[in-house]
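Data block below; observations after.
The values are calculated or read from the model by the stated rules, or taken from the named source; none is laboratory data. These numbers come from a predicted model, not from an experiment. Quick reminder, even Gly has a Cβ in these numbers, built from the backbone with ideal geometry, and neighbours come from all protein chains shown.
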Amino acid sequence: MEHLKVAAQLLQEGSIVAFPTETVYGLGADARNTTAVEAVFAAKGRPSDNPLIVHIADRKQLDAFTEQVNDLSNKLMDTFWPGPLTLILPLKEQTLSEKVTAGLDTVGVRMPDHPVALKLIAAADCPIAAPSANRSGRPSPTTASHVQEDLMGRIAGIVDGGPTGVGVESTVVQAHHDGTVTILRPGGITAEQLGEVAAKVQLDPGLAIDSGSAASIPAPRSPGMKYTHYAPKGELCVVQGSPNAVSAYVNGALEEAAQRGERTAVLAFSEHLHLYRADAVYSLGSLDRLAEGAHRLYAALRSCDEIGASVLYAEACPRNGLGDAIMNRLLKAAGHRIIHIAE
Ligand code: AMP
Ligand code: MG
């Protein structure tokens with residue numbers, strides 16, 4: 001408890017502190033303090049037009065910085081908070097630092113489902129702006145040592161709460177008056193779960209794209225959509241098709257790469273690990289339990305960097321449940337390079 005008090009005090013003083021949430025580690029700052037928020041952007045090397053999600057510990061905190069919240073948003077909060085769901089809500093003017101929202105008239109808010117995060121936010125007694133605690137572009141941190149790797153010397157402290165649970169970030173949604181929920185970023189709460197509460201769930205058109213360059217994505221409604229993210233240092237390609245066809249293609253490509261002196265790695269589901277020949281094959285868990293893939297994804301991408309892999313392939317997965325979030329992150333990590341293998 002003592003270290004939480006210290007961390008809360010640092011936040012109150014305008015310093016920036018990393019802390020665990022149920023999704024990934026966040027890098028927190030007092031969302032009302034522009035100097036603190038600027039320090040977050042600087043530590044991460046994050047583009048300033050990519051807004052931050054504001055974290056709260058109690059729904060009463062919303063009144064201070066949001067305008068009238070619609071019924072569907074309230075219903076989603078009743079159902080999924082605390083949890084990995086971020087709601088885009090109307091911002092009350094002159095409350096949060098403009099740097100948090102990148103000048104938008106909306107703010108992304110969530111209540112994390114992690115006892116340490118909730119205690120820290122409550123102790124700091126302010127809304128906490130917190131993007132993932134990684135250098136911009138790198139895989140998000142799912143352990144305190146990932147945070148250390150990326151941000152050591154750039155931040156005031158890290159609260160270590162062990163490995164995170166979900167492993168991918170929150171789902172970002174906008175809930176409309178007509179009962180429709182638009183998913184701006186897939187994440188820990190699935191489209192199926194949202195469909196149990198909302199009359200209609202739709203993907204933002206910017207998400208429908210799974211190939212082509214980021215530049216070809218239509219005008220992003222969620223600013224983060226346009227950036228390459230989560231990328232390992234080597235060149236990653238996602239491959240989709242039947243397991244035998246995919247592994248035959250990948251093994252051929254890896255053999256050529258090995259002959260050129262490249263170090264190779266594969267990210268595959270546990271059912272198919274035995275099919276691959278690479279310097280390292282990392283398991284994303286079972287295809288029957290995609291939550292394992294979400295949990296392991298970022299650590300696997302970081303492991304590829306640790307062994308110095310320069311050529312990487314990842315198996316695609318079905319988009320049901322958490323598969324949507326996994327594919328979204330894999331494709332961003334791959335700069336949208338995907339190969340579809342026909343039978
Ligand atoms: P991160 O903080 O790295 O998890 O990224 C936060 C994500 O939420 C980014 O993709 C942002 O673009 C998105 N986001 C945050 N605030 C807003 C907002 N007001 N409107 C739309 N998207 C937002
Ligand atoms: Mg991030």
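Going through (1) part of a helix (DSSP H, G or I); (2) among the small types (Gly, Ala, Ser); (3) modelled with pLDDT under 95 one by one, Ser247 falls short only on (3). Count of the stretch 66-100 residues, restricted to those that are within 22 Å of the chain's Cα centre (by Cα), β-branched (Val, Ile, Thr) and crowded, with 20+ Cβ neighbours inside 10 Å, is 3. Restrict the check to the stretch 45-68 and report whether at least one residue is away from ligand 2 (no atom under 14 Å from the Cβ), within 19 Å of Leu87 (Cα to Cα) and among the aromatic types (Phe, Trp, Tyr). Taking every residue of the stretch 45-68 in turn, at least one turns out to be away from ligand 2 (no atom under 14 Å from the Cβ), within 19 Å of Leu87 (Cα to Cα) and among the aromatic types (Phe, Trp, Tyr). Output yes when any residue across the stretch 51-63 is without any contact (Cβ under 8 Å) to a residue 24 or more places away in the chain, among the basic types (Lys, Arg) and out of contact with any strand residue (DSSP E or B) (no Cβ under 8 Å at 6 or more places or on another chain), and no when none is. Yes, that holds for at least one residue.
Residues of the stretch 105-122 that are surrounded by 15 or more Cβ atoms within 10 Å (Cβ to Cβ) and over 13 Å from Gln61 (Cα atoms): Thr106, Val107, Gly108, Pro112, Asp113, His114, Val116, Ala117, Lys119, Leu120.
Quick grid of which residues meet (1) assigned to a helix (DSSP H, G or I); (2) in contact (Cβ under 8 Å) with a residue 24 or more places away in the chain; (3) more than 21 Å from Ser132 (Cβ to Cβ):
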| site | (1), (2), (3) |
| --- | --- |
| His274 | yes, no, yes |
| Ser286 | no, no, yes |
| His295 | yes, yes, no |
| Asn320 | no, yes, yes |
| Arg329 | yes, yes, no |
| Lys332 | yes, yes, no |
| His336 | no, yes, no |
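The residues in the stretch 126-156 that are outside any loop (DSSP other than H, G, I, E, B), closer than 27 Å to Ala64 by Cα and either away from ligand 1 (no atom under 13 Å from the Cβ) or hydrophobic (A, V, I, L, M, F, W, C) (or both) can be counted, and the count is 2.
Elements of the type strands (runs of 3 or more DSSP E) sitting completely within the stretch 1-113 and holding at least 1 residues that are farther than 29 Å from Gly167 by Cβ and at pLDDT 95 or above: these cover 85-90.
When Ala129 is tested against the conditions (1) farther than 23 Å from Thr228 by Cβ; (2) hydrophobic (A, V, I, L, M, F, W, C); (3) buried (at least 23 other Cβ atoms within 10 Å of the Cβ), the lone failure is (1). I'd like to know if the stretch 58-75 contains one or more residues that are among the polar types (S, T, N, Q) and within 24 Å of Val6 (Cβ to Cβ). Among the residues of the stretch 58-75, at least one is among the polar types (S, T, N, Q) and within 24 Å of Val6 (Cβ to Cβ), which makes the answer yes. Among all positions in the stretch 111-121, there is at least one residue which is closer than 17 Å to Ala29 by Cβ and within 16 Å of ligand 2 (Cβ to nearest atom).
Only one entry of Ala280, Ala299, Ala314, Ala268 meets the criterion of being closer than 23 Å to Arg135 by Cβ, modelled with pLDDT of 95 or more and surrounded by 23 or more Cβ atoms within 10 Å (Cβ to Cβ), and that entry is Ala314.
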